[in-house]
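Undergrad: Handing you a structure now.
Please treat every number below as a calculation from the coordinates, not as lab data. Quick caveat, the model's predicted, so the values are computed rather than measured. So basically every Cβ, Gly included, is an ideal-geometry build from the backbone, and we count neighbours across all protein chains shown.
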Amino acid sequence: MPHTASRYLAEGPRVGIRHFTYEDGAEFTARARESKDLHQPWLFPPDATNAYTAYASRLIEDPAKAGFLVCEKDGEQGDGAIAGFININNIVEGGFQCGALGYGAFAHAAGRGLMREGLDLVVGYAFGPMRLHRLEINAQPQNTASIALARSCGFRLEGFSPNMIFIDGAWRDHERWAITAEMRA
């Protein structure tokens, strides 16, 4: 379904970002199935309707989460096609004003710079309307594409956390990357 510019929270030359909706399930899960080889072993987005509904519900209903779809404005897949997703998890307010980012491109959009543009838009939205101060990305050291994206958007390496996140049946080491509102100014 095409999405006009008015549906985007923010937009760049090639992509716009918008929140998840329940109606995105069919397209999202189809793209997740097409992208399994790209995503695994790093992440496992929902690839079935019932799993998508539960996933989207958490992003839509939980105030400690915010989910964004990166959509092509005029892409090969059609205007408004979902190119990827970026979620802000563990949002903490008060003195922290921070959140942890997770993201993934879909196979048809990988390597085209769309996620770079989308992540930049989400960071701007997080530091603007959401009034966050700090964003973190935790990436497995072998996930060079994720680390390259973090670096290209101005995140800095802050450290290494062994056995940090349980993924694909095991506790995995992660590099910690972060950016603050001041670093972006």
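Undergrad: Counting only Cα, what are the radius of gyration and maximum Cα-Cα distance Dmax of the chain, in Å?
TA: Radius of gyration, then largest Cα-Cα span, for the chain: 15.5, 44 Å.
Undergrad: Okay, next question. If the viscosity is 1.306 mPa s and the temperature 10 °C, what translational diffusion coefficient in µm²/s does Stokes-Einstein give for segment 132-185 when Rh comes from Kirkwood over Cα pairs?
TA: 137
Undergrad: For the chain, what's the relative contact order in percent, using C-alpha pairs closer than 8 Å and at least 6 residues apart?
TA: 18
Undergrad: Averaged over all directions, how much area does the convex hull of the C-alpha atoms of segment 44-103 cover when projected, in nm²?
TA: 4.9
Undergrad: State the answer as a single residue: which of 161, 60, 139 lies farthest towards the positive end of the charge dipole of the chain, with beta carbon charges of +1 for Lys and Arg and -1 for Asp and Glu, about the Cα centre.
TA: Working it through, the farthest residue towards the positive pole turns out to be 161.
Undergrad: Hey, another quick one. Which of the chymotrypsin sites (Phe, Trp or Tyr not before Pro) across segment 73-132 are loop residues per DSSP, with 16 or fewer other Cβ within 10 Å?
TA: Answer in residue order: 96.
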